[in-house]
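Some notes on the structure that comes next.
The values are calculated or read from the model by the stated rules, or taken from the named source; none is laboratory data. The model shown is predicted, which means the values in this text are computed figures rather than measured ones. Cβ: placed from backbone, ideal geometry, glycine included. Neighbour counts: every protein chain shown. Accessible surface areas use protein heavy atoms only, side chains included; no ligands, DNA or RNA. Shrake-Rupley method; radii C 1.70, N 1.55, O 1.52, S 1.80 Å.
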Amino acid sequence: METTPSPPYTPKTLATCITARHSTRLFTPDPVPASILRACATLATNAPSNSNTQPWRLRLAHGPARTRIVSALQSAANDHGPRIAPLPAEFNHFRSAMGHKLYGPEGWNIPRDDAAHHLEAQLRNYEFFGAPVCGLVTLCDERLTAMDAMCVGLFVQNFVLALTERGLGSCLQVSVVGFPEVVRREFGVAKEEVLLCGIAIGWPAVHPVNVLDIGREDVDEVLILLDE
Ligand SMILES: Cc1cc2nc3c(=O)[nH]c(=O)nc-3n(C[C@H](O)[C@H](O)[C@H](O)COP(=O)(O)O)c2cc1C
């Protein structure tokens, strides 16, 4: 990994980091010092977990390792589509609204009927959107359950917020684990680990696609306060 010293950063409030984080899908080619990645991963390990099992594993690659991984993923993605479980129909409207923002005039601005450019944009997942660091998040043991996967999520959220505080962008990527054999081989993942998602990390390029307000449901849709 890169040994450049970490640039200084100004600590930000938690709320600032939470609201400033957006999925980043266009990066500058500037390298990310390994010291920053290590500092953010160290912070992230403060996440709580069931019986303190700490079931998260995070692999990060740059340089020749990243080139090898991207090349294997691109070759698979050019050959066939990813194996990703379909969303239940009730959730499709979220995906449509998100796709409209991402590919529409506020984002990549690709005409609806331009299938070739839509495909090209989707295939950019497999080069981690040009990020200099690509990664993989796993649950360390397939005998663990959804609750333990939730603990990995807590770790990942800590990690991406720590990256955000340092000015780094990230994008979590289910698309990447749609090629499980390639991912296992190229990242060197043990058989008993459960693949959760890929991650792209780097310095965000200045582009509308990186500051999209994807929108969220009103909190009253998700928070249930019981008082009797
Ligand atoms: C587990 C997970 C998997 C995701 N997979 C992808 C992906 O494969 N490609 C992509 O472009 N974005 C992916 N995303 C990003 C989501 O689309 C994004 O988080 C969501 O639309 C909300 O936007 P925001 O992150 O900018 O707030 C993923 C996010 C998560 C948490």
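Some values worked out for this structure:
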read-out	value
Matching residues in region 199-228 - criterion: being open to solvent by less than 100 Å² (accessible area, probe 1.4 Å), away from the ligand (no atom under 12 Å from the Cβ) and among the hydrophobic types (A, V, I, L, M, F, W, C)	Ile201, Trp203, Ala205, Val219, Val222, Leu223
Condition met for Ile84 (closer than 21 Å to Leu119 by Cα and either out of contact with any Phe, Trp or Tyr (no Cβ under 7 Å at 6 or more places or on another chain) or small (Gly, Ala, Ser) (or both))	yes
Criterion violated by Leu196 - all others in (1) away from the ligand (no atom under 11 Å from the Cβ); (2) open to solvent by 20 Å² or more (accessible area, probe 1.4 Å); (3) under 13 Å from Arg57 (Cα atoms); (4) not in a helix (DSSP H, G or I) satisfied	(1)
Which listed residue, of His22, His100, is within 19 Å of Glu165 (Cα to Cα) and either more than 13 Å from the ligand (Cβ to nearest atom) or surrounded by 13 or more Cβ atoms within 10 Å (Cβ to Cβ) (or both)	His22
Any hit, region 151-164, residues being open to solvent by 20 Å² or more (accessible area, probe 1.4 Å) and touching a strand residue (DSSP E or B) at 6+ places or on another chain (Cβ under 7 Å)	no
Whichever residue in region 131-150 is assigned to a helix (DSSP H, G or I) and within 14 Å of the ligand (Cβ to nearest atom) and, among such residues, is surrounded by the most Cβ atoms within 10 Å (Cβ to Cβ)	Ala149
Flag if Arg185 is open to solvent by 50 Å² or more (accessible area, probe 1.4 Å), under 25 Å from Ala34 (Cα atoms), touching a residue at least 12 places away in the same chain (Cβ under 8 Å) and of a type in the set (Lys, Arg)	yes
Residue that is surrounded by the most Cβ atoms within 10 Å (Cβ to Cβ), among those in region 165-182 that are within 13 Å of the ligand (Cβ to nearest atom) and part of a helix (DSSP H, G or I)	Val176
Region 82-140 - residue that is among the aromatic types (Phe, Trp, Tyr) and under 16 Å from the mean Cα position of the chain (by Cα) and, of those, farthest from Leu195 (Cα to Cα)	Phe129
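Matching residues to (1) more than 17 Å from the chain's Cα centre (by Cα); (2) open to solvent by 60 Å² or more (accessible area, probe 1.4 Å); (3) over 26 Å from Leu154 (Cα atoms); (4) within 16 Å of the ligand (Cβ to nearest atom):
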| position | (1), (2), (3), (4) |
| --- | --- |
| Ala47 | yes, no, no, yes |
| Leu58 | no, no, no, yes |
| Ala65 | yes, no, yes, no |
| Asp79 | yes, yes, yes, no |
